[in-house]
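Working notes for the structure below.
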């Protein structure tokens, strides 16, 4: 349950940050939930990763379908992804997810960091 | 331990963000900042316009004087309604920026020699070439004059404010996708940028010359042969102003300097310099027929300027309506006004005058510091201009350029365009360096109500010289070969000139009233297609330049024979693929191919040529056979002479060769100088044909023998990025056809205007209104253009706001 909430919160914050902050706002969007919601490091990484993977994947897919893939087909040749729109959406989602996953991990460390005496 | 891990994870995250936030170069290819670029809310995805995007809106700008509206129709053509002219140009600037910002700025970067700022050191030579030609210097000088004229100043100020209003209010996500790919930001627009854009057009249209190549040819072959290879005038010429026109005595008398024979005509140069050149194919057609030749009784004006085919297109279509004027047509993103179009009273258009207005002088400097040069018997001080060239990824370069009385020293010991200049210094004298307010010409035409207004307007056009065509609802038609052209003595400026005194300088300008022109001629039409403006035998001034005769010939022939002309007939004439050059050249080819020497395969190709219908339609194989055979013949005839030395030379024109072999089968250059025997025309044609067949067989096995596939017309994005380009377009025509569509070059804006009481106009250009490769409007006109179809041009009235063609409404208020 915590995992799902954390994931969805990351996606939501990610979307809001996109309206006001530069693209790297997704890092904050993943860091905050995992710093607030207690779950293991692995789960924190995964919820950040998945949250933004879903957000960026869904947004780009949605934009692309409204655009009849006019632009994505061209960009997928320039990048070069062999003109595959699917891979372009996947790459988009993955790049965002990677940043967010790491930020989520950092968030979970941040949560524990103020207790240095716990360290063994 | 946790803390250390925190630090490590934070560092990795931050590092990844930094990596994804900057541009990388891998194997010479640059990769945009991937995080920024891929972000669906910031990056390129935001340029993927929804198919049902709403372009309407209400905007408030304090710079406006009054309210204004823009109606965007179903082709995304804006119809601007303003209460005053300042607001109209503000709105035009805003719309140009909104639809074409990246292109506008990129063109100006190219004009100003700033491409290295965007793509790094591979563009340094390109940039230095522009700086050394004095592009920025020329624009600054013109701007001074433009800003002294209150009409032009207001127009430019308002336009600039409009462009900047768009830039200032643009969100990061709205940045055109090319900025995101190349990772840079737009600058503010300025009036200087408009002036630079106009110089960009001058370079393209009035930057051509062959001075170095001609000097080499004169040195290698001597003046007598030079005049055979590069003759003045053509037998087949039908000039813009017909032969037999009587010209008054010239107002400016020019005399070659006393030293011309020794220092100019007989001087031996060997110049290894081949400057970067505008496309020699730049050309255009225009004509106007009077009411007595049309079905409706109203004049019809047609124009199709041929320039490089690019996306986004050079042209942007719009209507501008104010209480003072109501103009419709093609505009230049980068400059205010309507350029080729019509208003409620008349229509206007241009073809390039093709005149040579760029010369080189050899300068003698005292020493390598270039501080002093020898002029009129004394050492004169040079001026220096320091050009700061920014280069992406490294420090800026400062290029020091000496200025003489002639102009900037374009080539010196530090810049040779990558070629050997043997340590010589060459200053360039270019007409575009002189101040002129050419922009005012468009303003005048947009407002013109009659011939007098048109005549007054075109007086402002100095460079690039254009054949300005005109037709009016009162029945007048006219053409002026207009511009400010140097009055030259014969061959002045065809070769490099001595720059040690004033005797080789231009001795004056041709008075504009003496430019060739025709008003309401008896034959009922006026036309131009880049041919000689007048018969060189009788026109009192030397016409330097390069003037292809064939399109003009077939246009005049067709117009002469036509009556009851309709707009449909004019559309078919503009898109005509008949090859008049082949009509004249094929008989001499067929007559001289020695059939007894042909293999069966060669005979088949000969038959293809013989049975060809002389049309460059996409499916014609004969057109490909003809084109390759002619090219092969040019190489066979001229190749031996032109490769005699390693000096850069230019091929003589096709009309020179054709006219020579039509009248003289023992033309001196037919002989191959590398063989002991004397070759005849028959030898050359047969050998050329056999060589052509080798290429033809390869072409055929690649499945590209049909003309459309062989020619392979494409419209490239300004960055040459293929995915942003339109490739392999099935369109006919080509060199010497009225439909002069070549591989990357052709009619950019086709327009037909019938000046009936309610104007009937048609037009199309190979592009789309949006400059955004992610918009359905990016290339929405291309297929229509390819198929030779036109759109009706809708002159909207303010009362038509509820017409079903109106798709969006934008309001502008204070």
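Bear in mind these aren't lab numbers, they're just calculated from the coordinates by the rules spelled out. Quick caveat: nothing in here was measured; it's all calculated off a predicted structure. Cβ coordinates were reconstructed from backbone atoms using ideal geometry, including for glycine residues, and neighbour counts include every protein chain displayed.
Sorted by average packing, counted as other Cβ atoms within 10 angstrom per residue and highest first, what order do B:689-702, A:96-109, B:621-634 take?
Taking the mean over residues of other Cβ atoms within 10 Å, the ranking is A:96-109, B:621-634, B:689-702.
Of all DSSP beta bridges located in chain B, what percent are antiparallel, nearest 5?
Among the beta bridges of chain B, antiparallel pairing accounts for roughly 90 percent.
Just for the Cα atoms in region B:728-780, what are the lengths along the principal axes, largest first, rounded to whole Å?
Between the extreme Cα coordinates on each principal axis of region B:728-780 lie 40, 34, 14 Å.
What average number of partner chain Cβ atoms lie no more than 10 Å from the Cβ of the residues making up A:58-70?
5
Stokes-Einstein D for region B:191-333 at 20 °C, 1.002 mPa s, Kirkwood Rh over Cα pairs, in µm²/s?
104
Simple spin-label model, 7 Å along Cα-to-Cβ: residue B:385 to residue B:698 in nm?
4.4
On full extension of the chain, what length is gained from residue B:591 through residue B:369, given 0.36 nm per residue of separation minus the C-alpha to C-alpha distance?
Length gained, residue B:591 through residue B:369: 73.8 nm.
If neighbour count is taken as other Cβ atoms inside 10 Å, put B:42, B:611 in order from fewest to most.
B:611, B:42
If each residue of separation counts as 0.36 nm, what is the full-extension length gain between residue B:126 and residue B:7 once their alpha-carbon separation is subtracted?
38.1 nm
Ratio to report: Rg/Rh of the protein assembly as shown, with Cα atoms as the point set and Rh obtained by the Kirkwood method; give two decimals.
Here the Rg-to-Rh quotient is 1.02.
Within 10 Å of each Cβ in peptide A:93-102, how many partner chain Cβ atoms are there on average? Round it to a whole number, please.
4
Per the Kirkwood formula on distinct C-alpha pairs, the Rh of region B:51-168 is how many angstrom?
About 16.4 Å for region B:51-168.
Please sort B:309-321, B:77-89 by packing, taking for each peptide the average over its residues of neighbouring beta carbons within 10 angstrom, highest first.
Highest mean packing first, the order is B:309-321, B:77-89.
What's the Cα-based Rg to Rh of region A:2-114, Rh via Kirkwood?
1.06
If the label point is 7 Å along Cα→Cβ of residue B:258, which residues in region B:375-391 have backbone nitrogen under 16 Å from it?
B:376-377
What is the angle, in °, between the Cα long axis of helix A:2-20 and the longest principal axis of the Cα atoms in chain A? Nearest 10 is fine, range 0 to 90.
Value to nearest ten degrees: 60.
Among B:678, A:9, B:263, rank each residue by its count of other Cβ atoms within 10 Å, from fewest to most, as a rough exposure measure.
Ascending number of Cβ neighbours within 10 Å: B:678, B:263, A:9.
Using the per-residue mean of other Cβ atoms lying within 10 Å as a proxy for protection, in what order, highest first, do the peptides B:575-584, B:600-609 fall?
In decreasing order of mean packing, B:575-584, B:600-609 become B:575-584, B:600-609.
If you average over every viewing direction, what projected area does the convex hull of the Cα atoms of region B:352-493 give, in nm²?
12.8
What is the pair-distance distribution P(r) of region B:737-814, computed from all Cα-Cα distances in 10 Å bins starting at 0, with each bin given as a whole percent?
Taking all Cα pairs of region B:737-814, the binned fractions are 15, 35, 35, 13, 2, 0 percent.
Counting only other chains, and only Cβ atoms inside 10 Å, what mean value do you get across the residues of A:18-29?
Average per residue, whole number: 5.
Write down the radius of gyration of region B:455-536 and its Dmax, each obtained from C-alpha positions, in Å.
Rg then Dmax for region B:455-536, in Å: 15.7, 54.
Using the C-alpha atoms of region B:580-711, what convex hull volume per residue, in cubic angstrom, is computed?
117
In the calculated pair distance distribution of chain B, what percentage of Cα-Cα distances lie above 35 Å?
It works out to 52 percent of all Cα pairs.
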